[in-house]
Amino acid sequence: MSATAHREPEAPQQPGGAGVVARAATAIEGFAVQTPLHPNARLSELVGARVLLKREDLQPVRSYKIRGAVNLIRGLSEQERAQGVVCASAGNHAQGVALACAELGVKARIYLPRNTPRQKRDRVAALGGEYVRLILHGDTYDDASKAAVLDASRTGATLAPAFDDPRVIAGQGTVTREILQELGHAPDILLVPVGGGGLLAGALLALAEAPAEFGADKCRVIAVEPVGAASLQGALDAGGPLDLGEIDTFADGTAVRKVGDHPFEIIRDAGVEVATVETGAICQEMLRLYQVDGIIAEPSGAMAMADLDRRGIEPDATVVAMLSGGNNDVSRYAEVIERALVHEGRKHYFLVDFPQEPGALRRFLQDILGPDDDITFFEYVKRNNREFGPALVGVELGDPASYDALLGRAEESPLVVEPLPPDSPMLRYLV
């Protein structure tokens, strides 16, 4: 076993008895580490409360997913290990499965969506070595999951779900168990990112296992999911898990069309609050974590902290947010910056009909742009008219509050200037 994977955690006070999460905590010892609970001054000042981050990005596989994967695989019989394991993942669960399989000598076939960031794919391959075979299939986690289910039914291999399995849920519950251990009580607010619901369901199990003196029944649990893949909110509205159809895959770790059946059974009647966050807000938080706190977080990892000031947090409350993963491909930061600027109203795009004559662009610069505004993108869309040439123009404002004034100057100008909304298909393909 590798030294990194087997750093033994300390033996702190135990928050509960021999429940499923407590047993999982024993099973994962030597594989997952007990991650720190770090106070965050920036977020604490923002909301006037004590905000702590549960740093699951510091796991050997840089996410909490190692916990559930190890708990499942360590519980397999010798015959099941001999038949191998099959799983589907957006990347983080695959790393947990790969590490566990390599350490325990179990063969695995891992299905990943084709849009899985290369950083995650390379990491899975490195962790699994000769024991793991990667198979790219489909465009979303759900596509890969269907292929993995068919593989397991055809070959007799054990299916290791990313979230829809009681053993995985119990393993993920050890995150919250450690929070209770370190605090010695339940936090006032616990913010949990949600994709398929395994981490959230595990958190609820851990709170249920906690002794009465921990005050877990008074903990306000807030589930945070991306607005473009709100599978939990959809399930709660419908009374059961349902397929959302098309989803936004930017936050790939939580881009799940359908919340898991097993997690939903635990979550449904637990009184959990659900909040959705825009992609741009996630990107803003990723940048703040990196630039202010020196933390590299993937989109889903930053999700629990995004828009924290909109959660109605009481002053002096103890708030724990789960930073669930740090597997972010550095090549994505250009897109992260772009989406953050658009979200905060600093970046805007326009279709401008420029007359094909000298000085047209100069008029746009002088008559419409403000003194602190800058053109950051300029591309002719087509040139089939001798008199006019439409161009897609990206403008970064010196002050987001100056946007209305810019629109006013554009209306007074002889140039035809059409603002494009952030979700315009043209921007999706050209920017």
Legend entry - Selection from region 86-135 of residues that are on the phi > 0 side of the Ramachandran plot and crowded, with 24+ Cβ neighbours inside 10 Å: Gly91
Inset, instruction - Search region 104-157 for residues being out of contact with any Lys or Arg (no Cβ under 7 Å at 6 or more places or on another chain) and hydroxyl-bearing (Ser, Thr, Tyr), and hand back the single one that is farthest from Gln79 (Cα to Cα). - result: Thr116
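For (1) assigned to a helix (DSSP H, G or I); (2) open to solvent by 70 Å² or more (accessible area, probe 1.4 Å), each residue gets a yes or a no:
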site	(1), (2)
Ser331	yes, yes
Glu338	yes, no
His348	no, no
Pro358	no, yes
Inset, instruction - Could you please let me know if Asp164 is without any contact (Cβ under 8 Å) to a residue 12 or more places away in the chain and under 21 Å from Tyr64 (Cα atoms)? - result: no
Inset, instruction - Being part of a loop (DSSP other than H, G, I, E, B) and over 35 Å from the mean Cα position of the chain (by Cα) is the filter here, so list the residues in region 396-428 that pass it. - result: Ser413, Pro414, Leu415
Inset, instruction - Would you check which residues across region 360-379 are in contact with a strand residue (DSSP E or B) (Cβ under 8 Å, 6 or more places away or on another chain) and outside any strand (DSSP E or B) and list them? - result: Ala360, Leu361, Phe364, Leu365, Ile368, Leu369, Asp373
Inset, instruction - Just give me the residues in region 304-361 being among the aromatic types (Phe, Trp, Tyr) and under 24 Å from the mean Cα position of the chain (by Cα), in sequence order. - result: Tyr333
Inset, instruction - Say whether the condition of being under 25 Å from the mean Cα position of the chain (by Cα), at pLDDT below 95, among the β-branched types (Val, Ile, Thr) and surrounded by fewer than 24 Cβ atoms within 10 Å (Cβ to Cβ) is met by at least one residue in region 137-148. - result: yes
Inset, instruction - Sort out which residues of region 35-61 are open to solvent by 30 Å² or more (accessible area, probe 1.4 Å), within 23 Å of Asn92 (Cβ to Cβ) and not in a strand (DSSP E or B), and write them in order of number. - result: Pro36, Leu58
Inset, instruction - Give region 62-85 a look and list any residue that's assigned to a helix (DSSP H, G or I), over 18 Å from Ser145 (Cα atoms), open to solvent by 20 Å² or more (accessible area, probe 1.4 Å) and in contact (Cβ under 8 Å) with a residue 12 or more places away in the chain, or say none. - result: Asn71, Arg74, Glu80, Arg81, Gln83
Inset, instruction - Could you pull out the residue among Val20, Val86, Val33 that is closer than 30 Å to Val292 by Cα, touching a Leu at 6+ places or on another chain (Cβ under 8 Å) and at pLDDT 95 or above? - result: Val33
Legend entry - Residues within region 400-417 that are open to solvent by less than 50 Å² (accessible area, probe 1.4 Å) and free of Cβ contacts under 8 Å to residues at least 12 places away in the same chain, tallied: 1
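Out of Arg409, Arg332, Arg363, I need the residue that is of a type in the set (D, E, K, R) and under 30 Å from Met286 (Cα atoms). Which one?
Numbers: Arg409 fails: under 30 Å from Met286 (Cα atoms); Arg363 fails: under 30 Å from Met286 (Cα atoms).
Answer to the selection: Arg332.
Would you check which residues across region 229-242 are outside any helix (DSSP H, G or I), among the small types (Gly, Ala, Ser) and over 10 Å from Val274 (Cα atoms) and list them?
Filtering region 229-242 down to residues outside any helix (DSSP H, G or I) leaves 230, 239-242.
Checking which are among the small types (Gly, Ala, Ser) leaves us with 230, 239-240.
Gly239, Gly240, listed by residue number.
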Inset, instruction - Count, please, the residues in region 270-297 that happen to be among the β-branched types (Val, Ile, Thr) and not in a strand (DSSP E or B). - result: 6
Legend entry - Single unsatisfied condition, Thr158 versus (1) open to solvent by 10 Å² or more (accessible area, probe 1.4 Å); (2) among the hydroxyl-bearing types (Ser, Thr, Tyr); (3) under 19 Å from the mean Cα position of the chain (by Cα): (3)
Inset, instruction - Go through region 286-323 residue by residue and tally those that are open to solvent by less than 20 Å² (accessible area, probe 1.4 Å) and under 18 Å from Leu58 (Cα atoms). - result: 16
Legend entry - Residue selected from region 200-228 under the condition among the small types (Gly, Ala, Ser) and not in a helix (DSSP H, G or I), by the criterion surrounded by the most Cβ atoms within 10 Å (Cβ to Cβ): Ala223
Legend entry - Flag if Leu191 is open to solvent by 20 Å² or more (accessible area, probe 1.4 Å) and either of a type in the set (A, V, I, L, M) or without any contact (Cβ under 8 Å) to a residue 40 or more places away in the chain (or both): no
Inset, instruction - For region 178-188, name all the residues that are open to solvent by 10 Å² or more (accessible area, probe 1.4 Å) and either of a type in the set (Val, Ile, Thr) or closer than 18 Å to Asp269 by Cα (or both). - result: none
Legend entry - region 108-127 - residue that is assigned to a loop (DSSP other than H, G, I, E, B) and either hydrophobic (A, V, I, L, M, F, W, C) or modelled with pLDDT of 90 or more (or both) and, of those, nearest to Arg62 (Cα to Cα): Pro113
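The values are calculated or read from the model by the stated rules, or taken from the named source; none is laboratory data. As the structure is a prediction and not an experimental result, all values here were calculated from the model. Note: ideal-geometry Cβ built from the backbone for every residue, glycine included; neighbour counts use all protein chains shown. Please note that ligands, DNA and RNA were not included when accessible areas were found on the heavy atoms of the full protein model with its side chains. Shrake-Rupley method; radii C 1.70, N 1.55, O 1.52, S 1.80 Å.
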